[in-house]
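Below is one structure; the comments refer to it alone.
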Amino acid sequence: DELVPALRRALTDPLRWTRDAIKTGLLPNQTIRVGDQTMRYGLYVPPSYRPARAYPLVICLHGAGFNGDNYLERWQPRLGDAYILACPSIDDGAWWTRDGEAVVLAVVDEVSRLYHIDPDRLFLTGMSNGAIGTDLIGLNHTDRFAALVPMAGAFPQGLYPLFDNARQTSFYLIHGSQDQVMPVYFSRNVAAYLKKNGFSVVYREHDRVNPMAGGHFFPREELPELVAWLNEQQRHPSLTESTLVRDRDHLGRAGWVSLDQVAPEVASFWASEHDEEEGRRLERGAFARLVVRFDGNTAQVTTTGVRRYSLWLSPGAIDFQQPVRVVTNGRTSFDGMIKPDGRLLLEEARRWPDPAQLVLSKVEIEVPQ
C-alpha cells in the first residue's frame, strides 16, 4: 500500500535533478541519440531555474527551411522565463515521418530527465510543417500533452478520427486569413469540427501580412493571449474513461490502455506516404478503435479492429481488494481478483516516470472474433 505514494514522492523529489551540473540560458545545438542517429535540438532553461520547482515545458516544431535553433531564438523572448523551451530539428520540417515523431518524444524524455518538468504542463506547438507535426504527434500521444497549439497548418479530414484521442486535451489554433502557403480553410475546418464535437478549443484568425512571409506567419500581437491561455492549461488524465484510435504503426501503451494486436485491415500511416492504396484506406477510416469506461471495478470495453489489448490498472481507478470484471463488446472476458505487481510498477516507472500514471497491474484480453 505504501509503495505507490513512496514512488510518487521519489519521482518528484528535487534531488532527482541535482546529480549533474545544471546548464541554463540559451543552449543551442544540443545533440541526442535517437535509435542509431544523432539528432539535434535547441534548449532554453531560465537562468533562475531551481530544481525544487516543477517547470512547464513547451516543445516547438519548426517549419520547412528552418531548424530548432532558429525557433529557439524566436520563441525564447516570447515565452520569457516562466517556461523551459525545447525546439527539435528535422530535415525539411518532415515531422510526419518516423524520425520526426521519434526525436520529439526523445527530446521530451531527455529534458524531463535533466530538469524538473511538470508532467501536467507539457505543451506541443509548431508552425506550418510544425503545425502538421503538432497534430499528428500530439494526437497519437495525447496522454502526454496538456495542450496542442498548431499554427498555420493543414490537417486532412481523413485523419479526423484521431481527434477522439484528445477528449482531455485543449487546443489553440492560429491561422492567417491571407495565408497563401497553407490555406486558412484547413484550420477553419478543424476548429469547426472540434467545436461541433465538444472539444476544448480556441481559434484565432488574423488578417496581418508579413513582408517576407505574406500571411503565413505568427504575429507577435497574438502572443499575449496565447501565453495567458497556456498559463491556465493543465493535463487532466481521466482514470475512468479512455479512447484510443490508432493506425497500425501506433500501438502500445497510452495511459491506462495498450493496443497489443490489431486486425490486418487496419491501415499504416507510415506506409501511406509511398502507397496510394494505404492512403485511401486511411481516408476510409481503417483505424483500430477502443473505448473503455470504468464503473467501480467493472470495465466496459468496445473495440473495432482490435485483436488483443491490455488494461493497465491504477490504484486510483480500481479497488484491488475486490474482483475486477472486464466486459468486451458485451461479453465478459475477465472476472476475478487482480494481484498488485510491485515489479511491474517499478519497471513501468523506469520506462515512463510519470507520477500521475503509475500502474500496479495489467490484464491482457483477447478480443473474441
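The values are calculated or read from the model by the stated rules, or taken from the named source; none is laboratory data. Owing to the predicted nature of the structure, the values given are computational and were not obtained by experimental measurement. Cβ coordinates were reconstructed from backbone atoms using ideal geometry, including for glycine residues, and neighbour counts include every protein chain displayed. To get the accessible areas, we keep the full protein, side chains included, count just its heavy atoms, and leave off ligands, DNA and RNA. Shrake-Rupley method; radii C 1.70, N 1.55, O 1.52, S 1.80 Å.
Side notes on the structure shown:
- Over the chain: helical MRE at 222 nm, DSSP H runs n ≥ 4 each giving -39500 (n - 2.57), nearest 500: -7500 deg cm²/dmol
- Result for the chain in a Gaussian network model with C-alpha springs under 10 Å: among 106, 192, 54, the largest mean-square fluctuation is at 192.
- Trypsin sites (Lys or Arg not before Pro) within the range 252-294, DSSP loop, no more than 12 other Cβ atoms inside 10 Å: 284
- For the range 223-255, GluC sites (Glu not before Pro) meeting the loop criterion (DSSP other than H, G, I, E, B) and having at most 13 other Cβ atoms within 10 Å: 232.
- The aspartates and glutamates whose alpha-carbon is closer than 20 Å to the alpha-carbon of residue 23, local same-chain residues fewer than 8 away aside, are 13, 69, 73, 81, 109, 110, 118.
- Here is the result for the range 256-327: no chymotrypsin sites (Phe, Trp or Tyr not before Pro) lie in DSSP coil with at most 12 other C-beta atoms within 10 angstrom of their C-beta.
- Listed residue (96, 35, 48) projecting farthest to the positive dipole end of the range 1-155, Cβ model: 48
- In order through the range 26-43: 3J(HN,Hα) via Karplus (6.51 cos²θ - 1.76 cosθ + 1.60), integer Hz, x for Gly, Pro: 6, 10, x, 6, 6, 10, 8, 7, 10, x, 9, 10, 9, 10, 10, 8, x, 9
- Only one of (i) 0.97; (ii) 0.94; (iii) 1.19 was calculated from the structure for Rg/Rh (Cα atoms, Kirkwood Rh), and its label is (i).
- The chain: relative contact order as a whole-number percent, Cα under 8 Å and 6+ apart: 11 percent
- Residue 48 - accessible surface, heavy atoms, 1.4 Å probe, Å² rounded to 10: 60 Å²
- The range 213-294: relative contact order as a whole-number percent, Cα under 8 Å and 6+ apart: 33 percent
- Spacing of the two label points (7 Å from each Cα toward its C-beta) at residue 327 and residue 15, in nm: 4.8 nm
- Taken about its Cα centre, the range 242-285 carries a charge dipole of about 300 debye when Lys and Arg each add +1 at the Cβ and Asp and Glu each add -1 at the Cβ.
- Carbon/sulfur fraction of accessible area - the range 1-104, other protein chains in place, 1.4 Å, %: 49 percent
- Simple Cβ-charge dipole of the range 228-369, Lys/Arg +1 and Asp/Glu -1, about Cα centre, in debye nearest 20: 400 debye
- Distant-in-sequence amide H partners of residue 118 (H built 1.01 Å from N, under 5 Å): 55, 57
- 20 Å reach of a label modelled at residue 54, 7 Å along Cα-to-Cβ, counting backbone N of the range 159-174: 168-170
- Residue (of 321, 345, 334) at the positive-pole extreme of the range 227-369, dipole from beta-carbon charges: 321
- For residue 2, the solvent-accessible surface computed with a 1.4 Å probe is close to 130 Å², ligands and nucleic acids excluded.
- Note on residue 362: lysines with a C-alpha under 29 Å away, same-chain residues under 8 apart excluded, are 339.
- Based on protein heavy atoms only, the range 273-369 ends up with 54 Å² per residue of surface accessible to a 1.4 Å probe.
- Residue ranking by accessible heavy-atom surface, 1.4 Å probe, largest first, among 182, 212, 337, 151 comes out as 212, 337, 182, 151.
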